[in-house]
Structure formats: structure tokens, C-alpha cells
1. Given a cut-off of 16 Å, what percent of all Cα-Cα pairs of region 45-99 lie beyond it?
2. Across region 47-64, in residue order, what do the Karplus-derived ³J(HN,Hα) couplings come to in whole Hz, using 6.51 cos²θ - 1.76 cosθ + 1.60 with θ = phi - 60° and x for Gly and Pro?
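Nothing in this text is a laboratory measurement; each read-out follows from the coordinates by a stated rule. All values derive from a computational prediction rather than experimental measurement.
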Amino acid sequence: NIRQLKNVVERTVLLSPNDELQTDDFERNLPQMTSTPHLAPHSLPDVGTMTLEEMEYQMIQRAMAFHQNRVAKVARALGITRFALYRRLEKFGIPYAED
């Protein structure tokens, strides 16, 4: 399914700490295509290295860069509503253009 493939590619780009993606990066995100999505433990930072709020900020920043600040696409990729994304953008002081 093209939609599932697109989602795996987007998530891999957002979650990968590397600039160049490898096969392993995609394999870590393949389980997310199942009906019960989950994150591979090694795709997350070690416990205690950052707060949930810091993780949220970084994920939003990466998604905004990946989707060229297109709020609707970023919200879709993150699995939240545009309204929820706007609240977070304002909370973190992240600049954005109105859709």
C-alpha cells in the first residue's frame, strides 16, 4: 500500500539520527505498519537523556523541516490535529506560516 510506504519513509526520516538513511533505519520502522504501531526501542533516546517535552520539540522541528513548514502535512505525519500542532508551535515558539 502506497500510503503505508509513504508513512514508513516519513517516520524513518523523522526518527533517524543519521543524515544518510540505511536499510536498518527502515527496518526499525516496519513494525509501525501493523495495526498496533509501536516504536522500536533503539529508535528512541536513552531514558533520562531528555524529557518528553524536549523529545516533542525536536520531533516537531524535524517534521517542520522535512515538510517545508506545511502545517497540515506535519500534523498528519505526527498523528495530531492541525489545531493541536498550532498549540504546540506556539508553546515552543516555533515560527510557522498559516496554511
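1. Tail fraction, whole percent: 36.
2. Residue by residue, region 47-64 yields 4, x, 7, 7, 7, 4, 5, 5, 5, 4, 4, 5, 5, 5, 4, 5, 5, 5 Hz.
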